[in-house]
Amino acid sequence: MAAAEKTFVMLKPDCIKRGLVGEVISRIERKGYRITNAKMMWLDEDLLRVHYAHLADKPFFPEILSYMMSGPVLAMIVEGENAVTGVRILMGATKFEEAAAGTIRGDFAMSTGENIIHGSDSPENAEAEIKRFFG
Ligand code: DAT
Ligand code: MG
């Protein structure tokens, strides 16, 4: 078995408002991953500007900021074999209309902007994001 890998996962404000926290965590656990740290947080603009720096020049960036500050998020460290790629598969595609049924976004997201869950897209970003959110 390959070494356990860590990824950073965040349940976004719509996930919490809609009461889907248990459902989403359950899918991650059923896949065989473990939640090894978790905390509820209200994000501020400074942290979001770093976290979403790759989208800073997009027209929808202000909407991301206001959505991500509209309620608390649940930040988590998730561990298991191939956890970075594995969680991305459970999440489904970024674009609302491309997220397949059976994935978290495919089953629950109501738009591309409000899409339930964040998961790191590479081991390097996972490490940086875990540091960013858990210190
Ligand atoms: P992902 O969250 O799948 O890693 P990303 O890092 O490209 O995708 O974008 C971060 C978030 O920004 C995404 O979860 C939702 C929002 N977003 C991305 N593209 C968007 C678009 N075309 N319209 C509205 N929101 C978008
Ligand atoms: Mg991303």
Modelled FRET efficiency - R0 25 Å, F96 with A38, Cβ distances, 0.05 increments = 0.45
Can you give the helix-only mean residue ellipticity at 222 nm for the chain, where every DSSP H stretch with n ≥ 4 adds -39500 (n - 2.57) and the sum goes over all residues, rounded to the nearest 500 deg cm²/dmol?
-> -11000 deg cm²/dmol
Provide the gained length on full extension for the span A53 to M110, in nm with one decimal, where the gain is 0.36 nm per separating residue minus the Cα-Cα distance.
-> 18.1 nm
The value for the chain (convex hull of the alpha-carbon atoms, volume per residue, Å³) is 104 Å³
Write down, largest first, the equivalent ellipsoid semi-axes of region 39-87 in whole Å, where each equals the square root of 5 times an eigenvalue of the alpha-carbon gyration tensor.
-> 23, 15, 9
Please give every one of the aspartates and glutamates within straight-line cross-link reach of K17, meaning a C-alpha to C-alpha distance under 19 Å, and leave out same-chain neighbours fewer than 8 residues apart.
-> D44, E63, D107, E114
Grab the Cα-Cα distance for S26 and E81, subtract it from 0.36 nm times how many residues apart they are, and report the gain in nm with one decimal.
-> 18.1 nm
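Since every read-out is calculated from the coordinates, none of them should be taken as a lab result. Predicted model only: the values in this text are computed from it and were never measured. As a convention, Cβ positions derive from the backbone with ideal geometry for all residues, glycine included, and neighbour counts pool all protein chains shown.
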